[in-house]
């Protein structure tokens with residue numbers, strides 16, 4: 001994983017982020033999913049892989065898809081195999097998202113961006129209190145999923161590190 005001097009991390013969610021829960025960001029119809037696959041995969045935008053790969057950070061799956069993200073989500077986006085956050089058994093008390101504590105632990109002090117559709121102010125406050133490095137918790141609109149504007153926001157934050 002590396003120490004605080006290593007490249008920043010980008011923790012990447014899938015549902016509501018790479019797979020929008022509404023229409024595609026460009027407003028067009030969903031592409032047909034490959035036969036026998038999850039129909040939600042038709043909502044993936046192949047441009048996301050290039051957008052994310054161009055960012056100066058290390059991409060990490062932070063999703064309930066776990067390792068399956070490397071098999072099902074990454075290939076249509078043109079992403080290489082990525083590390084996967086292994087979620088702790090105990091989510092801990094409080095109003096923070098079930099991923100928050102695990103991401104801070106995985107980051108181990110490294111700067112990180114977390115892109116997800118379920119981030120709240122409670123998560124931001126918890127990370128600010130428990131993570132010694134810079135962190136951007138960027139909430140994506142789950143109806144639209146990841147947009148160019150979201151990626152530009154992340155890129156701008158990374159450029160200021």
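The values are calculated or read from the model by the stated rules, or taken from the named source; none is laboratory data. Note that the coordinates shown come from a computational prediction; the quantities given were computed from them, not determined experimentally. Because the Cβ atoms are built from the backbone with ideal geometry, glycine has one as well, and the counts that use them run over all protein chains shown.
One table, with the values for the structure above:
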quantity	calculated
Per-region count, the stretch 64-78, residues in contact with a strand residue (DSSP E or B) (Cβ under 7 Å, 6 or more places away or on another chain) and in a loop (DSSP other than H, G, I, E, B)	2
Candidate set from the stretch 121-150 (those that are in contact with a strand residue (DSSP E or B) (Cβ under 9 Å, 6 or more places away or on another chain) and in a helix (DSSP H, G or I)); member that is nearest to residue 63 (Cα to Cα)	123
Filter pass, residue 127 being more than 12 Å from the chain's Cα centre (by Cα), farther than 22 Å from residue 55 by Cβ and surrounded by 19 or more Cβ atoms within 10 Å (Cβ to Cβ)	no
Selection count, the stretch 87-120, where residues are more than 23 Å from residue 146 (Cβ to Cβ) and either touching a residue at least 60 places away in the same chain (Cβ under 8 Å) or assigned to a loop (DSSP other than H, G, I, E, B) (or both)	10
Conditions (1) farther than 21 Å from residue 6 by Cα; (2) in contact (Cβ under 8 Å) with a residue 24 or more places away in the chain: number failed by residue 139	(2)
Selection within the stretch 1-36 - in a loop (DSSP other than H, G, I, E, B) and modelled with pLDDT of 65 or more	6, 7, 8, 13, 14, 16, 17, 18, 20, 21, 22
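A quick yes/no check of all residues on (1) in contact with a helix residue (DSSP H, G or I) (Cβ under 8 Å, 6 or more places away or on another chain); (2) buried (at least 20 other Cβ atoms within 10 Å of the Cβ):
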| site | (1), (2) |
| --- | --- |
| 49 | yes, yes |
| 66 | no, no |
| 81 | yes, no |
| 97 | yes, no |
| 110 | no, yes |
